[in-house]
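Q: Could you have a look at this structure, given as structure tokens, before my questions?
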Amino acid sequence: MAVMKKSYLFGGEKRWRNLAPIYFLLPGVLFYFIIALGPSIATSIYSLTDASGLRGADVNWIGFDNYDEFLFQGLASRDNIDATLRTLRFCAIVTLVQFSIGLILALLVNQKLRGRTFFRTLFFMPVILGVVIQGLMWKLFLQPRGGPMATIFGWFGAQSEFLGGQPDEAFMWVIVVQIWANVGITMVIFLAGMQTISSDLYEAAKIDGASGWQLFRDVTWPQLTPAVNTNFLLNIIGSLQAWQLFLVLTGYKAGTQVLGYLVFAEGFGQTGEAPSFRQGFAAAASMVLFFLVLVIGFFANRFVTWRERKFL
Amino acid sequence: MSVRERFGRSNPSLDMKLDEGTSMTTRSRQIRVVSYLLLGLVAVFYIWPLFMLVNTSMKTLPEYLKDPSGLAESITFENFVEAWQLANFPQYLWNSVLYTSVATAIFVASTLFVAFPIARGYFRGSNALLTLYVVALFLPPALIPQFQLILNLGLYNSRIGFISLFLINPIGMIIMVNYIKSIPKELDESAAVDGSGYLRFVFSIVFPLIRPAVATVTVLHAIGIWNELVLPTIYLSSSEKFPITRGLIVFEGVYGSNWPGIASAVLMLMLPMLVLFLLLQREIISGLTAGSIKG
Amino acid sequence: MKGKLGPFWVLAVVLALVLAACGGDDDGGDDSGDNGTTETTEAASGGDDGGEDGGEAGEEVSLRVLVHQNPPLTDYMTDFNAQFEADNPGVTIDMEIVAPGGDYATAVNARLAAADVDVIDYCIDPCAGFSTPVEDYMGDNVEAPAWQQLIQAGLVMDITDEPFVQNFDEASIQDAATFEDSVYAINMGRVSYSGMFVNNDLLAEVGVDLPTTWDELVAACDTINATGNFCMTQGGADGWPIFVGAYGLLGAAFPDQAALAEGLWTGDIKWNEGEGLALMEKFQIYAQDMLEPGVTGLGHNEATARYAAGDVAFLPTGVWQAPVLEESEPGFDWTYVPFPGSDNAEDNQYLFGKYDMSWMIASDTPHPDIAKAYLAGLADPDNYQTFVDATGYLPTQPTATLNSKLGEAVAPLLENYRVGFEQYYISPTGAGQWANGSQAASWFDPFNEWTDAGELADQVQADLEAGLGG
């Protein structure tokens, strides 16, 4: 192989052609090392210091003290571990629900219905609007004093403070908005998958007497494997690192923090009440997030590979 | 199966004709009714917040405080005028467009030249490099060292510095590599025999063949930049450089109590985005999907 | 082909490591380099800058000012900047307005780190003068507050010898602007947050006298609620207004708030015993019974606008809301009184508060003379009087007077003014998120998960002790 490559594409008399691929490779790879990998490695180094991030401040090696504080010191560790568990919960719920609703919506708008283009466009719209507009729309919609959702709740005799009240409720509403905002992507990816399925397969199955649910189980679902896998991975990794909606919707409220937000708040003095700048500690927290994503991503990837082998 | 055959079908925009359904059975009629009911129910939660926004923007502040969800008593555009004067929204919009387009263009071009040799295995360690990109998929954004890096390069609060944060996207790289693998290698060889230069080969032969993947990567990446809120908070300090996300959240912070004002601002920013989206929606939606469902 | 990639990999890895190392190292080492550059530019641009005027006349200089958002303050600063630009030809003021709270801390941090600011309004959550630094009784188990970190990192200019500092009263210089015998800031005013606005007309309408004790307040609220009006409103959506509105209760329970902060650290005072526990119970009544329903959806300024509608009797919040209230054109007669938090009317005479915004100069500003002139302008007694009139702060200059409607209400109380807990207290490292009991009012349902004062008090104490570490 190597010989063939050399002789055909990159060989030849002209030296520049020989080198060309490397030169062209360089910008992309450099960006990667400078912007992504370098800082990531540096994060692990930072996490072993007491750096404040302020220019001119002393920086000392403190070994694993930041990790010790994050995981074990006092009751702050309870809050940190709660935030970690909450991150996992967020990921699990968002992935499952967004995946399911996205699939159902895709099945619905994949039918030959009048106005399906309208529905597709509508459900995809929030993606284009961006996180701030999504958040502001829902803050308005969830006004506890006479807002629309409060009115709907009123019909059923229920009442809620939505984003400003119980942390668990507020957390749930952030999940709702997160799904509302991103289910369009999931739907569209499923839709594309469905449209690659050959109609012959359906015809053949129908001749065999299959209908409705059986058609879905025997034809659609297995044929949809690539889209299923793409959505599964995108949802998991996306939701583990998604926290910007919390910033817009709840702020840094006790009982709703997730890890990504915690990193940002500690590093840039946003924890409220006499904040300090603690970038070393924040780096340690982001390493915890990293391991979490790595482990979950690893197993998700294994699962996806297994499914591919099973269905394709 | 050729590349075009394989992916031609995946484009939803090719399949937009409406079926009149002349021979409907009762059962399919039932399915149809249930489908519309479900879709309508979901659609309510997409249309109602929009309507709420429009309605609120027409109200005066006391009117809003008295009854947030009641219908506006009269149609007034005063809030729009006021919001327009208070913040520099055209500038924010322009900044967002600039950052998104420049960063995406550089990213796609540079990634193409990495993805191609990796997919072909044309250099030693290409697999290792691909693995590194897969690992990067899981890296949390290295906010803190990145911040120090940009500071030390003197790129804090500069457009170039901000754009440089968005030149990497591991998912994009992986999608492209996978896609390129489906292109027959014989193409390379015949191109080399023809004496085609590398640059010309990549742009005029490879690029057209992997257009669906490029479209997907472009859309995914552009959406990410367009939506980014945290990085502009950290890296941009002067308001004339804010993208709309940051500009809007600042506007909310400063005029946070005035929901009619905020609603008008949000609407003004939404309008051009929605128009653009409606014009480009086929490209965006098909672009998002064409490359991403490849096995 | 294969051989050529070896060096490339080495190069790439080395580059990445060097860059990463730069990122980590600069905190200590790069500082001088940075200063060097700025000094060079300064020398180049203002080589003949011997006198302040000489350089300014010919050069276009831009002074970068960072200020927190507050509508009356913004109006004042806009006028002041125009005047300053007129008086100093060639100088333009590049003022950035950032909302107080989290973003403000990020902006200060980032701009100082990038040497991208000359004059800073220190308003890092909370907006304040210098609170207590790390005290001896705290030991090592504490992080220094942001202002102390900034000074110790050498980012703030020492202005001890500037004459304009002496325009301010001794107490404000000492309490709000001095660290280890050097002055780093001028403090622009005190605020009081422990009182409440009173709607006199509504009280008259429902036949309730102005309450002067806790029991009277509870009874008054019952009467008011029974008439279909509301007792209190608050900016619950922003979180902090809820507990700041209850600082009057904290003050009534613990009149010496410096002693409270120290007592909590030493263990002499506990949140779940005696006064502490009684306070938690009052917090609960305030949060659950006194505030009107639905305040979780109101922002801070929005609540004041809502209050102006006239069907709410009290708005317990800081005096800084007086201009906002005036602007909302309330159709009723109002006043501002101490929150009647104690059963003993004598204890309800005090107004607690804090120092509010302070101006500091970045130590490596390329235009130190202009920056000092800017602060001198802000400290000028005439300007300062205008500032106080505009913002409603309680003045820190002895020559200034309070002329507003608020001033009339507050002036007789000023001899009973005390600095509040917020300015004295820092939570120990490792303390849980419920450790600062002064904020407990905002943790009751419907604002957070707690429904029982006793349970919350125990939790608060446990979270605090977890940090004190025994």
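None of the figures in this text is laboratory data; all of them are computed from the coordinates on show. In this text, all values refer to a predicted model and were calculated from it rather than measured experimentally. Here the Cβ is made from the backbone with ideal geometry for all residues, glycine too, and neighbour counts use every protein chain on show.
Q: As a footprinting exposure proxy, order B:T111, A:T49, C:T401 by other Cβ within 10 Å, with the fewest listed first.
A: Lowest count first: C:T401, A:T49, B:T111.
Q: Also, quick follow-up: Could you list A:D200, C:D458, A:D68 so that the one with the fewest beta carbons within 10 Å of its beta carbon is first and the one with the most is last?
A: In order of increasing Cβ crowding within 10 Å: A:D200, A:D68, C:D458.
Q: Using Cα-Cα distances under 8 Å and only pairs 6 or more residues apart, what relative contact order does chain C have, in percent?
A: 22 percent
Q: Hey, another quick one. Mind sorting A:M172, B:M52 by how few other Cβ atoms lie within 10 Å of their own Cβ, fewest first?
A: A:M172, B:M52
Q: Tell me the relative contact order for segment B:88-254 as a rounded percent, counting alpha carbon contacts under 8 Å between residues six or more apart.
A: For segment B:88-254, the relative contact order is 42 percent.
Q: Here is a further query. Compute the projected area of the convex hull of the Cα atoms of the protein assembly as shown, averaged over all viewing directions, and report it in nm² to one decimal place.
A: 46.5 nm²
Q: Here is a further query. In the Gaussian network model of chain A, springs joining C-alpha atoms below 10 Å, which of A:I189, A:I81, A:I197 carries the largest mean-square fluctuation?
A: Answer for the Gaussian network model of chain A: A:I197.
Q: Also, I was wondering about something else. For chain C, take the longest principal axis of its alpha carbons; what is the angle in degrees between that and the long axis of helix C:257-266, to the nearest 10 within 0 to 90?
A: Roughly 80 degrees between the two axes.
Q: Pull up the DSSP beta bridges for the protein assembly as shown and report the antiparallel fraction as a percent, rounded to 5.
A: Of those bridges, close to 55 percent are antiparallel.
Q: Taking the Cα centre of each part, how many Å lie between segment C:294-339 and segment C:150-229?
A: A separation of 16 Å, based on Cα centres.
Q: Given axes a ≥ b ≥ c from the Cα gyration tensor, I'd like to know whether segment A:79-311 is rounded (a/c under 1.5), prolate (a/b larger than b/c) or oblate.
A: Taking the square roots of the gyration eigenvalues as a ≥ b ≥ c, segment A:79-311 is oblate.
Q: Using the Cα centre as the reference, give the magnitude of the dipole from point charges on the C-beta atoms of segment C:238-346 (Lys, Arg: +1; Asp, Glu: -1; all else neutral), rounded to the nearest 20 debye.
A: Dipole of segment C:238-346, to the nearest 20 debye: 180 debye.
Q: Let me know the shape class of chain B, please: from the alpha-carbon gyration tensor, a ≥ b ≥ c as square roots of the eigenvalues, rounded when a/c is under 1.5, otherwise prolate if a/b is greater than b/c, or oblate.
A: oblate
Q: Oh, and also: Between B:A83, B:A191, B:A72, which gets the highest mean-square fluctuation from a Gaussian network model of chain B, Cα cutoff 10 Å?
A: The residue that fluctuates most here is B:A191.
Q: How many angstrom separate the Cα center of segment C:428-461 from the Cα center of segment B:100-154?
A: Centre-to-centre (Cα) distance: 45 Å.
Q: To continue, here is another question. Can you give me the C-alpha center-to-center distance between segment A:280-312 and segment C:231-248, rounded to a whole angstrom?
A: Cα centres, segment A:280-312 to segment C:231-248: 42 Å.
Q: Would you compute, from DSSP H runs of 4+ residues alone, the mean residue ellipticity of chain C at 222 nm, taking -39500 (n - 2.57) per run and dividing by the full residue count, rounded to the nearest 500?
A: -13500 deg cm²/dmol
Q: Work out the length of the dipole vector of segment B:14-138 about its Cα centre, built from +1 on the beta-carbon of each Lys and Arg and -1 on the beta-carbon of each Asp and Glu, and round it to the nearest 20 debye.
A: Around 740 debye, computed over segment B:14-138.
Q: Return the single residue from A:A92, A:A150, A:A181 with maximal mean-square fluctuation; model: Gaussian network over chain A, springs between Cα atoms under 10 Å.
A: Highest fluctuation of the listed residues: A:A150.
Q: Right, another one. Enumerate the calculated ³J(HN,Hα) couplings along segment B:190-203 in order (Karplus 6.51 cos²θ - 1.76 cosθ + 1.60, θ = phi - 60°), each rounded to whole Hz, writing x wherever the residue is Gly or Pro.
A: Computed from phi, the couplings for segment B:190-203 are 5, 5, 5, 5, 5, x, 6, x, 4, 4, 5, 4, 5, 6 Hz.
Q: In peptide B:121-130, what is the residue-averaged number of other protein chain Cβ atoms found within 10 Å of each Cβ?
A: Mean partner shielding for this stretch: 5.
Q: Report relative contact order for chain A in percent, whole number only (criteria: Cα-Cα under 8 Å, sequence separation at least 6).
A: Over chain A, the number comes to 25 percent.
Q: Hey, another quick one. How large is the Kirkwood hydrodynamic radius of segment B:88-254, in angstrom, based on all distinct alpha carbon pairs?
A: It works out to 17.6 Å.
Q: Let me ask something else about it. About the Cα centre of the protein assembly as shown, what is the dipole size in debye to 20, counting +1 per Lys and Arg Cβ and -1 per Asp and Glu Cβ, all else neutral?
A: Taking the Cα centre of the protein assembly as shown as origin, the dipole is about 9860 debye.
Q: Given the rule -39500 (n - 2.57) for each run of at least 4 DSSP H residues, summed and divided by the residues of chain A, what is its mean residue ellipticity at 222 nm, to the nearest 500 deg cm²/dmol?
A: The per-residue figure over chain A is -22000 deg cm²/dmol.
Q: For segment B:61-126, what does the alpha-carbon gyration tensor say about shape, rounded, prolate or oblate, given a ≥ b ≥ c as the root eigenvalues, a/c under 1.5 as rounded, and a/b over b/c as prolate?
A: Prolate is the answer for segment B:61-126, as a/c is 1.5 or above and a/b outweighs b/c.
Q: At 222 nm, what value in deg cm²/dmol follows for chain B if DSSP H runs of at least 4 each add -39500 (n - 2.57) and the sum is divided by all its residues, to the nearest 500?
A: It lands at -22000 deg cm²/dmol.
Q: If you take each beta carbon of peptide B:223-230 and count the beta carbons of other chains within 10 angstrom, what is the mean?
A: That works out to 5 on average.
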